[in-house]
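Student: Below are the structure tokens for one structure; questions will follow.
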Amino acid sequence: MNFSTSKILLIIVIFAILYSCSPLEKVPDDKLLLTNNEIFIDNKKTTNDSIQLLLLQKPNSRFLKIPIRLYLNHLSKKNADSSYLAWLNKKPNRLKNLTNLLSKKQVNRLGQSFLVKGYSKFFKKVGEEPVLIDNKKIERSKKQLNGYYKNIGYFDNTVDAKIDTLSKKVGKVIYNLQKKKPYIIDSVTALINSNSIDSIYKSISQNSFIKQNKIYNLTDFDKERKRISTHLRNNGAYYFQVNDISYNVYQDTVSKKIDVELRITDRKITKEELTTTTPHKMYKIEKVAVFVDNNAIKNKSKISDSLTYKNYTLYGSKKIKYRPKAITNAIFIDKDDYYSDYKRYQTTRALGNLNTFTYPNIEFTENKDSTALVASINLSPLKRFNFNPNIDFIHSNIQDFGITGNISVTFRNIFRG
């Protein structure tokens, strides 16, 4: 008998054992094992995975259309300890004879062994409990389906569900959803307090995700908030937050039309538990300061050297030995430019890629008149030399004993003049 034949026979034996027991034995008489969910959208059956995922109950997993893990769970015992004790006490002298043959300690250890308890824990771990049809979860699944279709414009959709008993202790759930007529966006208006924000919004509104005559979709509203916020924060709106954008949606249940009102509020400032508002400003960069060592970062009074290159000033607590150009070439934040999240990200990444400083820290503060921002780029140098010796001991069939080693040296000197 070759190896392949042995494997086939083993599989046959395993399937025979599985089919010799029925997982329905663990299903209470007043319950049904869920074998399938069927969803009908406007009377047409759908197998769309994203729709199926909305249901809170899924049938037991299957392999080759067989619920293997359900069968494996059935091989486990609910209370292995109790079953063992019941077996010991089933005959009057069994416990006494077994204790005399082994010992009391060994009899107790036998109850914890794989043959008595371990195999049951194993099958519980790799198996699956029977999925029983639950009316409460059916109702929650209906709400999930209803909410999903409302979010894509079908506000008037209706969902019902029924349980179909297939055989004793076995059933399926059938969901039927009627979408009805979708709601269409009829108009979009913007209410913006800040003149500067309003001007920028008008220049980019033609690319909006929320358009007239388009079916309502909640995802479009989230995407539009992110689009507006990203654009504003890349064009000077340093204090702008995505939560400054909100929507009011007015629906006409007769015409199935929607009027959208986009609102962008002013900046909120909280001081000593008192919150006030002020129109958003577009901030430019007044100055870019680069601090090239830890002492200069922590204590500005210790700064003893500075270098100016183009629109950048480098500060250090001792003589600066870096070539300014090598550092400033990695900085995308420039004087008189509008503040930009993207340029901040580009600068952080480029400085990090130099492998000369730890992760850079970039801070922005308002100037004295609160009309512009000062950018402070804090750079903490890595060690100039990095020496890493490694030793490995080896043993193999062709060498009784050996030692191998390697040494790596990192030399950071790309900025020295």
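The values are calculated or read from the model by the stated rules, or taken from the named source; none is laboratory data. A quick note: this is a predicted structure, and the numbers were derived from the prediction, not measured. So basically every Cβ, Gly included, is an ideal-geometry build from the backbone, and we count neighbours across all protein chains shown.
Student: Restricting attention to the stretch 226-249, report how many residues are among the charged types (D, E, K, R) and under 21 Å from TYR216 (Cα atoms).
Tutor: Residues flagged as among the charged types (D, E, K, R) and under 21 Å from TYR216 (Cα atoms) within the stretch 226-249 amount to 2.
Student: Follow-up question, since we're still on this one. When residues of the stretch 308-335 are filtered for being in contact with an Asp or Glu (Cβ under 8 Å, 6 or more places away or on another chain) and either over 15 Å from ILE362 (Cα atoms) or part of a loop (DSSP other than H, G, I, E, B) (or both), how many remain? Steps first, please.
Tutor: Narrowing the stretch 308-335 to residues in contact with an Asp or Glu (Cβ under 8 Å, 6 or more places away or on another chain): 311, 315-320, 335.
Subset that is either over 15 Å from ILE362 (Cα atoms) or part of a loop (DSSP other than H, G, I, E, B) (or both): 311, 316-320, 335.
Final tally of qualifying residues: 7.
Student: Residue pairs, Cβ under 6 Å, 6 or more apart or interchain, first in the stretch 60-86 and farther than 16 Å from LYS125 by Cβ and at pLDDT 65 or above, second crowded, with 18+ Cβ neighbours inside 10 Å and not hydrophobic (A, V, I, L, M, F, W, C). List them.
Tutor: PRO67/ASN60
Student: Which residue out of ILE185, ILE210, ILE200 is part of a loop (DSSP other than H, G, I, E, B), at pLDDT 95 or above and either buried (at least 17 other Cβ atoms within 10 Å of the Cβ) or not assigned by TED's automatic domain parsing to the domain that holds GLY236 (or both)?
Tutor: After applying the criteria, what remains is ILE210.
Residue-wise test of (1) within 35 Å of the chain's Cα centre (by Cα); (2) farther than 20 Å from ARG227 by Cα.
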position: ASP244; (1), (2): yes, no
position: VAL254; (1), (2): no, yes
position: ILE264; (1), (2): yes, no
position: ARG267; (1), (2): yes, no
position: THR277; (1), (2): yes, yes
position: MET282; (1), (2): yes, no
position: VAL292; (1), (2): no, yes
position: LYS298; (1), (2): no, yes
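Student: Here is a further query. Out of all the residues in the stretch 145-180, which are part of a loop (DSSP other than H, G, I, E, B) and either surrounded by 14 or more Cβ atoms within 10 Å (Cβ to Cβ) or outside the structural domain of LEU34 (by TED's automatic domain parsing) (or both)?
Tutor: The answer is ILE152, GLY153, TYR154, PHE155, ASP156, ASN157, LYS169, LYS179, LYS180.
Student: Moving on. Name the pairs whose Cβ atoms lie under 6 Å apart, with the first residue in the stretch 362-376 and under 17 Å from TYR312 (Cβ atoms), the second among the β-branched types (Val, Ile, Thr) and part of a loop (DSSP other than H, G, I, E, B), and 6 or more positions between them or separate chains?
Tutor: Cβ pairs passing all conditions: ALA375/ILE333.
Student: To continue, here is another question. For the stretch 224-275, how many residues meet the condition of being surrounded by fewer than 14 Cβ atoms within 10 Å (Cβ to Cβ), among the charged types (D, E, K, R) and under 24 Å from ASN151 (Cα atoms)?
Tutor: Within the stretch 224-275, residues that are surrounded by fewer than 14 Cβ atoms within 10 Å (Cβ to Cβ), among the charged types (D, E, K, R) and under 24 Å from ASN151 (Cα atoms) number 2.
Student: Is one or more of the residues making up the stretch 214-222 within 26 Å of TYR338 (Cβ to Cβ), in contact (Cβ under 8 Å) with a residue 12 or more places away in the chain and part of a helix (DSSP H, G or I)?
Tutor: No, there is no match, as no residue in the stretch 214-222 is within 26 Å of TYR338 (Cβ to Cβ), in contact (Cβ under 8 Å) with a residue 12 or more places away in the chain and part of a helix (DSSP H, G or I).
Student: Six or more apart or on different chains, Cβ under 7 Å: which pairs go from a residue in the stretch 268-286 that's outside any strand (DSSP E or B) to one that's of a type in the set (A, V, I, L, M) and surrounded by 11 or more Cβ atoms within 10 Å (Cβ to Cβ)? Could you list them?
Tutor: HIS280/ILE197; HIS280/ALA237; MET282/ALA237; TYR283/ALA372; TYR283/LEU373
Student: For the subset of the stretch 133-143 comprising residues that are of a type outside the set (Lys, Arg) and crowded, with 17+ Cβ neighbours inside 10 Å, which member is nearest to PRO28 (Cα to Cα)?
Tutor: Residues of the stretch 133-143 that are of a type outside the set (Lys, Arg), as a first pass: 133-135, 138-139, 141.
From what's left, crowded, with 17+ Cβ neighbours inside 10 Å: 133, 138, 141.
Numbers: ILE133: 11, ILE138: 19, SER141: 23 Å.
Out of the qualifying residues, it is ILE133.
Student: Still on this model: Residues in the stretch 104-126: is at least one basic (Lys, Arg) and either at pLDDT 95 or above or under 30 Å from ILE264 (Cα atoms) (or both)? Even if it seems obvious, please write down each step before you answer.
Tutor: So in the stretch 104-126, the residues basic (Lys, Arg) come out as 104-105, 109, 117, 121, 124-125.
Filter once more, keeping what is either at pLDDT 95 or above or under 30 Å from ILE264 (Cα atoms) (or both): none.
No: the stretch 104-126 contains no residue that is basic (Lys, Arg) and either at pLDDT 95 or above or under 30 Å from ILE264 (Cα atoms) (or both).
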